[in-house]
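The values are calculated or read from the model by the stated rules, or taken from the named source; none is laboratory data. This is a predicted model, so every value here is computed, not measured. All Cβ positions, glycine included, derive from the backbone under ideal geometry; neighbour counts span all protein chains shown.
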Amino acid sequence: MVKRRNEHGDEYYDNYNVPADKASTVLEALLYIKENIDQTLSFRYSCRMEICGSCGMEINGRPRMACSTQLASLHSDIIKISPLPHYNVIKDLVVDFDPFFDKYKKVKPYIIRDDDGNYSAEIPQTPEQFNEFKGYAQCIKCGLCMAACPVVGTDENYLGPAPLTALFRYNIDNRDQGIMYRIDIANSDDGTSRCHFAGECTEACPKDVRPSFAIQKLRVQGLKYELKNIMGGKK
Amino acid sequence: MNKTGIAGWFNIKDKGTGYFAFAFQRFSGLVIVIYLYMHLIFLSSLLDGRTTYNSLVQNITYGPFDIFIVMDMLLALVIFYHGANGIRLALNEFGIGLKHHKLFFYAYESISMVLLVLFLYYAYLFLGGH
Ligand code: SF4
Ligand code: FES
């Protein structure tokens, strides 16, 4: 069952039969439909190997990557596919990612340096320092966590799991000096205070980024930073 | 944005432990707030004098089966749940036990349910049970 949405905004489900031996993943099943049954079906994909982050959709009630979801793992002959929730649908399974990327940009997800990048010597980073943020840097911007988060579903201004994780990832990078530009964003009304630790982002994340953990750590970092500020430390 | 709305919070089908904890925390919180308002409205009848209050109490506890005892027990259940999960969340949000948050949830809720049973037992004795 695939949820469709046409140019008039009408939404309905279409049923397709895909022979079991023709596909092993959900993406392959969709490609089979596109090539053999219905050329009008729209969906996004590119790498087919859980790297590009473009094939996210809701599969049997959970946000998943179509390319890495094995049909056998769903333990059902009937598979229900819908576009990712919490995004506006453009057509069929294709959703508008602009609001997600706009939030991502807001958190300044890049190294900020006092020297504006004009450093003369190499900036060393030990394996320990790298391992601090390595897990969070695995994010492929697939947006599944945004679809899984119940708070994103009710508050469109909440920055959400992936952007806040990116914010934290750069804050803890030893090469970065931009925490003062990001921490107010993290501590704002749309930041960590909105998270209620439902943990669905971590459950949904295909790359084991664990955004819900990053958000709680960011909350503590934000608190420490503010306390230091109140106690007379410099901002 | 395509919002799912507050109803979406309670869609616990196919979700993990953390989500169940989240959804029931919202639900129990709402029950507690509604109870609090009902309680205050009820108590404010005392402003009309003792007789009004007493007749109200008599009216709602009337009958062979006191439905309010059952409601009180359910209220105790949501309060114990909410409190235990609230403490667990506060610790997790300070980064304590983050990696074992599911274990924390089950442990805290188990302890709180044992305390609930004890509370109900003593409440029963207090009400004159043997
Ligand atoms: S944190 Fe995980 S689920 Fe969220 S966008 Fe990154 S890879 Fe996808
Ligand atoms: S097609 Fe690239 S992540 Fe699925």
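Observations, loosely collected:
- Contacts under 6 angstrom Cβ, first residue in segment A:92-103 being over 19 Å from residue A:139 (Cα atoms), partner of a type in the set (D, E, K, R), 6 or more apart: A:92/A:4; A:92/A:5; A:94/A:44
- Test for residue A:157: is it within 13 Å of chain B (Cβ to nearest Cβ) and away from ligand 2 (no atom under 16 Å from the Cβ): yes
- None of A:181, A:136 is under 30 Å from residue B:13 (Cβ atoms) and either crowded, with 17+ Cβ neighbours inside 10 Å or more than 16 Å from ligand 1 (Cβ to nearest atom) (or both) except A:136.
- In segment A:43-73, residue farthest from residue A:147 (Cα to Cα) [restricted to those that are within 16 Å of ligand 1 (Cβ to nearest atom) and among the basic types (Lys, Arg)]: A:44
- Of the listed requirements (1) in contact with a Gly (Cβ under 9 Å, 6 or more places away or on another chain); (2) farther than 26 Å from residue A:61 by Cα; (3) more than 13 Å from chain B (Cβ to nearest Cβ); (4) within 16 Å of ligand 1 (Cβ to nearest atom), residue A:217 misses just one: (3).
- If only residues of segment A:21-47 that are away from ligand 2 (no atom under 11 Å from the Cβ) and of a type in the set (Ser, Thr, Tyr) are counted, the one that is nearest to the other protein chains (Cβ to nearest Cβ) is A:42.
- Counted residues, segment A:74-90 - those being of a type in the set (Ser, Thr, Tyr) and either away from chain B (no Cβ under 14 Å) or more than 16 Å from ligand 1 (Cβ to nearest atom) (or both): 2
- Note on segment A:112-154: residues that are more than 16 Å from ligand 2 (Cβ to nearest atom) and on the phi > 0 side of the Ramachandran plot total 2.
- Given (1) more than 11 Å from ligand 1 (Cβ to nearest atom); (2) more than 27 Å from residue A:4 (Cα to Cα), index of the condition residue A:99 fails: (2)
- Pairs with Cβ under 9 Å, 6+ apart, first in segment B:13-25 and more than 7 Å from chain A (Cβ to nearest Cβ), second basic (Lys, Arg) and outside any helix (DSSP H, G or I): B:23/B:15
- The residues in segment A:74-107 that are of a type outside the set (Ser, Thr, Tyr), surrounded by fewer than 16 Cβ atoms within 10 Å (Cβ to Cβ) and part of a loop (DSSP other than H, G, I, E, B) can be counted, and the count is 6.
- Any hit, segment A:30-42, residues being surrounded by 12 or more Cβ atoms within 10 Å (Cβ to Cβ) and either assigned to a strand (DSSP E or B) or within 16 Å of ligand 1 (Cβ to nearest atom) (or both): no
- Residue in segment A:67-86 that is closer than 30 Å to residue A:187 by Cβ and more than 16 Å from ligand 2 (Cβ to nearest atom) present: yes
Rundown of residues vs (1) at pLDDT 95 or above; (2) polar (S, T, N, Q); (3) under 25 Å from residue B:98 (Cβ atoms), yes/no style:
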site: A:98; (1), (2), (3): yes, no, no
site: A:105; (1), (2), (3): yes, no, no
site: A:113; (1), (2), (3): no, no, no
site: A:128; (1), (2), (3): yes, no, yes
site: A:137; (1), (2), (3): yes, no, yes
site: A:146; (1), (2), (3): yes, no, yes
site: A:169; (1), (2), (3): yes, no, yes
site: A:186; (1), (2), (3): yes, no, yes
site: A:192; (1), (2), (3): yes, yes, yes
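- Helices (runs of 4 or more DSSP H) (entirely within segment B:24-130) containing at least 2 residues that are within 14 Å of the chain's Cα centre (by Cα): B:67-93, B:101-126
- Scan segment A:48-73 for residues that are within 11 Å of chain B (Cβ to nearest Cβ) and outside any strand (DSSP E or B) and the total you get is 2.
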